[in-house]
Amino acid sequence: MEQMQTPMAEFLQASMSKIKEMVDVNTVVGEPITTPDGVTLVPVSRVSFGFGHGGSDLVKQRSGFAGGSGAGIRIEPIGFLLVKEGSVRMLNILPPANTTLDRVIDMVPLILDKAEQFLDKKAEDKRAAGAASSAEDAANVAAEAVAEQFDRA
C-alpha cells in the first residue's frame, strides 16, 4: 500500500537531504595530512545539528497547507589525531579543562598510552630474557654433549 506524500513529509525530506549533504564522515574526521617527517595528522571536528518543522492543514478559511521548517548546523574543530611510529595521540586545540574532573578525563588517553607502552616494553623484555635464557640453555646442552663426547673418546 502506497503512502500519500504530505507537505510535512516533503519538508522533512528536503531538510534531511540538505543536512546529509553538509554532514558526512569527512566533516567529523577530515582527510589525513602527512608531514615530511612521517607524522600523519587527521583533523577531528565536533558536529552539532538540529532542525524543527511545523505545519497545519487550513480548513476554516480556505483549503491548503501552511507550514515551515528550519535547520542549523555547527561544525567546531576540536583537535588532531597524531599518528607517529604506530602510536596515536589526540592533540586538542580546545581550551584546557577548568575542573579537576575534566582534567582527569582529558588525561585518561595519555595514561592508557603510557600503560600500554609500559606493558609492551615489559613483554618485550620478557621475550628477550626468554630468548637469552633459551640460547643459554641450548649452549649449556651443547657444551654438555661435547663434554660427554670427549669423555667417551
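No lab work stands behind these numbers, since they all come straight from the coordinates. Keep in mind that what you see is a predicted model, and the values were worked out from it rather than measured. So basically every Cβ, Gly included, is an ideal-geometry build from the backbone, and we count neighbours across all protein chains shown.
Summary table below
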{"read-out": "Cα-projected label distance for Ile19 with Glu116, points at 7 Å along beta-carbon direction, nm", "value": "3.3"}
{"read-out": "Full-extension gain in nm, Met90 to Leu12, via 0.36 nm per residue minus C-alpha separation", "value": "24.4 nm"}
{"read-out": "Shape call, region 60-126: gyration tensor on alpha carbons, a/c limit 1.5", "value": "prolate"}
